[in-house]
1. If you take the residues in the range 79-94 that are under 12 Å from the mean Cα position of the chain (by Cα) and surrounded by 18 or more Cβ atoms within 10 Å (Cβ to Cβ), which one is farthest from residue 11 (Cα to Cα)?
2. Out of curiosity, is residue 106 in a loop (DSSP other than H, G, I, E, B), over 10 Å from the mean Cα position of the chain (by Cα) and either buried (at least 17 other Cβ atoms within 10 Å of the Cβ) or at pLDDT below 65 (or both)?
3. Which of the numbered conditions does residue 96 fail, given that it passes all the others? Conditions: (1) out of contact with any strand residue (DSSP E or B) (no Cβ under 8 Å at 6 or more places or on another chain); (2) at pLDDT below 95; (3) not in a helix (DSSP H, G or I).
């Protein structure tokens, strides 16, 4: 979070995986005054676009990673989590992943 005078900029959040868990996470993010959801991705989307509230959506996580994000929530099936988690870390994002497989794969970065 960056302090500018008495104001704080919101941390910019992306969500990889926009099913039940990803949508729940977005509700929590959107209810936090210090966070703003910038973009989400899910393979179920037929194309890239923008929701009515201005949040971008993508069909592939690679486009999500290219957004200017501070935080990445990984809410995808276990077999996809390690690749996306590592990609977020390599792009200097704070990454929250639910999968133990992602944690094990992250150990290989150390």
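1. Filtering the range 79-94 for residues that are under 12 Å from the mean Cα position of the chain (by Cα) and surrounded by 18 or more Cβ atoms within 10 Å (Cβ to Cβ), the one farthest from residue 11 (Cα to Cα) comes out as 81.
2. When the stated conditions are applied, residue 106 does not pass them.
3. It fails just one condition, (1).
The values are calculated or read from the model by the stated rules, or taken from the named source; none is laboratory data. Computed from a predicted model, the values in this text were never measured in an experiment. Cβ sites come from the backbone with ideal geometry, for glycine too, and all protein chains shown count toward neighbours.
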